[in-house]
Each structure stands twice: as C-alpha cells, then as structure tokens.
Amino acid sequence: MTSRIACQRDCPDGCVLLLEGAGPEARVRGDPSHPVTRGFTCMRALRFPRYYASGRRVLYPHVREGDAFRRVSWEEALDLVASRLREVLDERGPESVLFFNYAGNSGLISFNYPLRLCHALGATRLEYTICDEAGELAIELHYGMRYGAFPQDMEGAKLLVIWGANLASSSVHAYRIASDLRARGAHIWIVDPRRTKTTLLGKHVRPRPGTDAVLAAGISWYIINELGVDRDFIDRYTKGFEEYAELISRFRPDLVEEVTGVDRGTLRELAEDYVTLRPSVTYIGVGMQKTRWGAEAVRVIALIPALVGVHRGFYFCNSCRDLEIAYLQGRHLGEARRVNMLDVPRLLSEGRFGFFYIYGSNPAVTLPRADLFREGLSRDDVFAVVHEVVWTETAQLSDVVLPATGMFEHEEVVGSWWHQYLAHSQPAWQPMGESRPNWWVIQQLSKRLGLGHEALYEDPMEAMDRVLRRSEMTGHSGLEELRRRGWVELRYPPKDEYQTPSGRIEFFSSRAEEIGLSPLPKIGWDQQRGFILITSSVPERTATQDLLPEDLAELDRIHISEEDARQMGIRDGDVILISGEGEALAQVEIDHSLPRGVLWARRNARFMRGFVNDVLTWEKQEIGGGNAMNSSMVKIVPWKGGAVEGG
Ligand code: SF4
C-alpha cells in the first residue's frame, strides 16, 4: 500500500512523499505529481524509514531514577508530570513553567496544538529566534508581507543570485532549478565565503563573513550612481528612495572592496547583471542572516530588486499565511509570557525556571551556549519533561521521557516556507511502541490538571478544519478537500501589492520608525578578532534528528583552511581547543574550500568534547532579537592536554 506523506522536517522544500511499506525497509520517493517535489527528494528522505524504525526511538514512557531510566506506563508518567507541574505552578507561579519547542516536527498541529496548554496556564513560551525570524521582520519593514519569489519565479529568471546558501544541501529542489537555469543560459551568481557544490553553478563571490550588508550596499552603489535605477518603477511603487540613495552613497567601491575583500570589477559586473537581466531572483540564505548584521543585510539585499524594477525579486521566507495559527495555539485561552530562546541557557542558570515541557526540539545541542543549558537542565530545582521521537541529548538529561509519533504515524497538515502549497499527510504506520501524538499528551495533562476549557480537548483535525475554512488563501476549502486532493495552492496577494503603511515598497520604513528601529538599513560589518566560526547543514542532515544510530558513532571535525593550519603548525587529525563563549575540543580537518580566518563545522556538530554550539555566541541582533551565531569569534590552540573524555 502506498501512503502520501507531507514531509514534516524543517526544510523549505516541503516535499510530498510516497511511502510504500512499513519498517526500515519501507521505500520513500518523491510524489511525481506534486508541482514542486516532482518525483525526487533529498538523501535524508531515503533514510527516513530507517530513522523512524531505528533503535533511537523512544518507544515507551520513562522516568528517571538516579542515572538511569525506568520504563513506566503512560498513566504513571502522566500522573507524575501533572503532579510536578501542579507543584511548580503553586509554589513558583506559571512564569516558571517553560514550554520549549521548535521545528522537530513542523506540522501545523504537532507544532502549535501543545501551546494551548501553555496559554491556558499563563505559562512561558518562546520567541523563536534561532532561525530566520530576524530576516523575516527585516523584509516586513520594507515590503509589508514578507513573501517573495516562488519556485516558478525562479524557473523564469534570467538572473539568479544565490546569496549565502548552499542549495545542494539545504534545498535540493531549488538546486535543481538553479542547475536547469544554468543549462538554459541564465546567469547564476553565488555569494558565499566557502566553496561548495552550489558555488560551482556560476560565478562565485567570496566576501569575508559578516560583510554581506556592505557588499549589497556596494552593488546598490553601482546601480544608483553609475548604471541607473528604474526611475518609473521607483516613482510608481516606492517611497523614500532619496534618503536611501544618500545612505548608499557612503559605500563607495573602495570602501566596499576593503571591507568585503570583493574587488570592484566583480561588484560592478554583478550590478550590471541586476540592471540588464530581468526578471531576476535573489535567493537569500538563512545562514547568512544569522550574523550580527544579518537582518540588516537582508534589508539591503531585498531592496536591490526595487532599484532595478522587479517586484519582490527576492526569496527569503514565504511562510506568511492567513491561517489562524493563534487559534491552533489557543491564544484565546490566556496570555503566555515569552522569552527569547537565546536567553534560555542564562535564565535557566539563574534559576528562573522550575519546569520544562520540551517537544520537537533538542536544545541541549542546538542552542548557542548549549553547555550552559545542559548544566541547567540537570539542576535539582528543575523538572524536565521531553516528548520526543528519539532519545535526543535533551531527553537523556530530563526527568520524564514520553514517546512521540513520527511523521509516518499521525495525520498532519504541513506548509512550506518556500513554495505555496499546503499539504495533507496521511497516517501510514501504526505508532511505534506506545508513541502518541503531541496533541494527545496535552489533552491528557489538561484532564489531570482539572482544566475545564473545551478548546483543550478539541479534536485537532476539527481545529485544523476550522482554520482552513476561515482562510482566504485556501479559498475557504476545508480539511476534507485537502484530504481528498493531497494539497492546495494558497492564494498569495499579487507581487505588486505592498502591505506597508504607504502601500509602497518603503526604502525608508515608517514601520521601523514606529517600533524604534532605524527606518533605513543600518549597514555595518563584523570586525574580525581571531577566527570566525560558521556552521551550516550538510546533505545527509539538517537537524540533530536526522542521525541514525550509526551516525552517532562518528564525531564531527572542525574545518580549517590549509594556509591557517600550516601557519599554526596544525595537521589533519590534530586535536584543538576551541574557545568562544564556551569551550570544546575537536579534531581538525584541513579544508581547501575555506578562506583564511574562517573555521567551519556541520550545524550542531558533535565534537570529541562538547558540541559546536557550546562555543557559539548568544549575542542577539537588534532586529527581532535574532541570533548571530555565524558571527562567532573564536580562538584555537593545539590541545596539549591528556586524554579527551567524550562530551
Ligand atoms: S527534508 Fe526537505 S528535501 Fe528532504 S524530503 Fe523533507 S522537505 Fe523534501
């Protein structure tokens, strides 16, 4: 039997998969009839059946006893969780209860429904700042809604600029489009400090990390001062151009060349392509935005199309939808406090929280200063519950571990943050062991806490149906239609509609002014001290979730350029101490793709001692409190100590 699964990984491609069979030998392929999936998937998808049937699965509820876990019944686990939650609520107040989640399962129900309990309790939840939120806000400041180019716009582009993304790893369908475009003779530019498979697709520009805002300003300088803007477009669709041109006039080619390391000939050539090749699309990568000046860089990059007369000629995140997520999250049940997730390790170490409910996330590895988080979670005055698919590092440190269903085992509705299709996911397998979906646990806990609001017990599919029916973008079609058709195309507003206060693209953002941000982009750059450490995904995994048991046996290495290694007397396989916010020990890999002064590791890399995130900065950007992890400055020294114990 073949089931249709909407992939629930945190990935822009939003694939619809066809799953045949059950267990580790089941077969996954991309649905050939889906407009974007088109019959193929990433290599991670091929591993999904082995992953969901692997020995890493949490199959039964477990309760900590000393250093070990004891298997218990759901009844016993839920009673214990409810009684400890009640204790903390009574003794320390709802603000000390933190619901910690992220996109371990990005299905709309799995992600959002558990927050109903958080809102009903008036507990604390997260501001999601670990990924692209700062950049999304940056685009909203100038464009209103943040949607930009869709896959079909990319396919029709004469110029594609891939800015700070290795599509071969992070978006295989966008990579395929870029490859096809190249074959058809479109111009492709890739802006990335590293050499990757994606940079082979076209002209490669290698700025110093953290200087993207200046680079974009330099390109804009050529367009405004030498090549010519699209005056008709600017008059008709934009506001604040004169102020913006004045700002950009300060970024003369000599300054830009000095700051970014990119020569002015290249700057001008790329600017010429922007002016002469239309339509163009600039694919803005999330990793580039995770820098101190990242959201500011997104502002300047996303404004380039407005100079040359292209409506929304950028892609950053297309997940803005008119679905009532607030209803799914039960925000009508009460007010929840919010904390920036980057602050959680610090707040935890200060004793701010007494109870954690963690689902769809592995913060013991994925937060910057993950070491502090791990330390804090082990405090005696913290009770941690993890509802998860596999035994993550966070689960290993918690007090109660509850088994969650994987994406083949529950019904879901899933959106994409790149394309415009909303998809339905069928339950294909029986839940493994005693695993239960996220919404079920919340209903059980609500009952034990004696909470009466009926929204806490609403059938999640009925809630989803209501949300779909109230959406203009779905054309008010409900769940039944989605089940029948498999996916619906969401109706986004036209590309030339701008939801800013003026109804135009605002170079000078009145919204920014209103919320206390600079109305014009603030263009700055990282001043490098020591090495800059950047992380990014690799094809076989984008998240800690993608690991199979055999992957855990293999430790990651820290990559260094050949020149830096030679100068420091470091050889391949040597062990180095990395000191940033925290410390970690890792083996070195000499990497010819890196420029000098830059270290690279896989996202969430596991080292000989510690994780890469232990040393990453928890500094926040001004816009949206977003993270600046790819601006982490670290020092390295060869390790002269004794034997290294595992982290
Ligand atoms: S991880 Fe991404 S590319 Fe892979 S199957 Fe899921 S949505 Fe598609």
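The values are calculated or read from the model by the stated rules, or taken from the named source; none is laboratory data. Treat the numbers as computed from the prediction; the structure is a model and nothing was measured. Neighbour counts run over all protein chains shown; Cβ positions are idealised from the backbone, glycine included.
Structure notes:
- Note on region 454-473: residues that are part of a loop (DSSP other than H, G, I, E, B) and either more than 26 Å from the chain's Cα centre (by Cα) or under 27 Å from residue 1 (Cα atoms) (or both) amount to 4.
- Matching entry among 21, 14 (being modelled with pLDDT of 95 or more, within 16 Å of the ligand (Cβ to nearest atom) and of a type in the set (Gly, Ala, Ser)): 14
- Set 228, 185, 218, 210: member being surrounded by 24 or more Cβ atoms within 10 Å (Cβ to Cβ) and more than 19 Å from residue 314 (Cβ to Cβ): 210
- Residue that is modelled with the lowest pLDDT [pool: residues in region 41-58 that are near the ligand (Cβ under 8 Å from one of its atoms) and touching a helix residue (DSSP H, G or I) at 6+ places or on another chain (Cβ under 6 Å)]: 44
- Summed over region 419-435, residues that are surrounded by 18 or more Cβ atoms within 10 Å (Cβ to Cβ) and under 22 Å from residue 477 (Cβ atoms) total 7.
Conditions tested, residue by residue: (1) touching a strand residue (DSSP E or B) at 6+ places or on another chain (Cβ under 6 Å); (2) without any contact (Cβ under 8 Å) to a residue 24 or more places away in the chain; (3) of a type outside the set (D, E, K, R).
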| position | (1), (2), (3) |
| --- | --- |
| 407 | no, no, yes |
| 417 | no, no, yes |
| 429 | no, no, yes |
| 451 | no, no, yes |
| 466 | no, no, no |
| 471 | no, no, yes |
| 487 | yes, no, yes |
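- Residue 451 being modelled with pLDDT of 95 or more and not in a loop (DSSP other than H, G, I, E, B): no
- Every residue from region 311-346 that is more than 30 Å from residue 453 (Cβ to Cβ), of a type in the set (A, V, I, L, M, F, W, C) and in contact with an Asp or Glu (Cβ under 9 Å, 6 or more places away or on another chain): 316, 317, 342
- Qualifying residue in region 60-73 (condition: in contact with a His (Cβ under 8 Å, 6 or more places away or on another chain), modelled with pLDDT of 95 or more and within 14 Å of the ligand (Cβ to nearest atom)): no
- Considering 113, 128, 147, the condition of being under 30 Å from residue 394 (Cα atoms) and either surrounded by fewer than 23 Cβ atoms within 10 Å (Cβ to Cβ) or in the same structural domain as residue 304 (by TED's automatic domain parsing) (or both) is satisfied by 128 alone.
- Matching option when the condition is within 13 Å of the ligand (Cβ to nearest atom), surrounded by fewer than 22 Cβ atoms within 10 Å (Cβ to Cβ) and under 30 Å from residue 486 (Cβ atoms), among 27, 38: 38
- Region 86-100 residues that are farther than 18 Å from residue 446 by Cβ, paired with ones that are in a strand (DSSP E or B) and modelled with pLDDT of 95 or more (beta carbon under 6 Å, 6 or more apart): 95/124; 95/337; 100/356; 100/358
- Here region 363-374 is the region considered, the condition is being farther than 10 Å from residue 100 by Cβ and of a type outside the set (Val, Ile, Thr), and the residue that is surrounded by the fewest Cβ atoms within 10 Å (Cβ to Cβ) is 372.
- Candidates 165, 120, 183, 174 - the one that is touching a Leu at 6+ places or on another chain (Cβ under 6 Å) and either without any contact (Cβ under 8 Å) to a residue 60 or more places away in the chain or within 16 Å of the ligand (Cβ to nearest atom) (or both): 174
- Failed item in (1) touching a helix residue (DSSP H, G or I) at 6+ places or on another chain (Cβ under 6 Å); (2) crowded, with 20+ Cβ neighbours inside 10 Å; (3) under 30 Å from residue 349 (Cα atoms), with residue 449 passing the rest: (2)
- The test for being touching a Lys or Arg at 6+ places or on another chain (Cβ under 7 Å), at pLDDT below 95 and either buried (at least 22 other Cβ atoms within 10 Å of the Cβ) or assigned to a loop (DSSP other than H, G, I, E, B) (or both) holds for residue 645.
- Conditions (1) in the same structural domain as residue 296 (by TED's automatic domain parsing); (2) under 30 Å from residue 628 (Cα atoms); (3) surrounded by 15 or more Cβ atoms within 10 Å (Cβ to Cβ): number failed by residue 501: (3)
- Meets criteria (at positive phi and in contact with a His (Cβ under 7 Å, 6 or more places away or on another chain)) for residue 503: no
- Whichever residue in region 1-11 is hydrophobic (A, V, I, L, M, F, W, C) and within 8 Å of the ligand (Cβ to nearest atom) and, among such residues, is farthest from residue 543 (Cα to Cα): 7
- Test: residue 276 is closer than 15 Å to residue 158 by Cβ and in contact with a Phe, Trp or Tyr (Cβ under 6 Å, 6 or more places away or on another chain): no
- Applying the criterion of being under 18 Å from residue 622 (Cβ atoms) and of a type in the set (Asp, Glu) to the residues of region 96-153, the residue that is nearest to the chain's Cα centre (by Cα) is 132.
- Search result, residues across region 4-22 that are of a type outside the set (Gly, Ala, Ser) and outside any loop (DSSP other than H, G, I, E, B): 4, 5, 16, 17, 18, 19, 20
- Listed by first and then second residue, the pairs with beta-carbon distance under 6 Å, at least 6 apart or on different chains, first residue in region 30-45 and closer than 24 Å to residue 548 by Cα, second of a type in the set (D, E, K, R) and within 10 Å of the ligand (Cβ to nearest atom), are 44/546.
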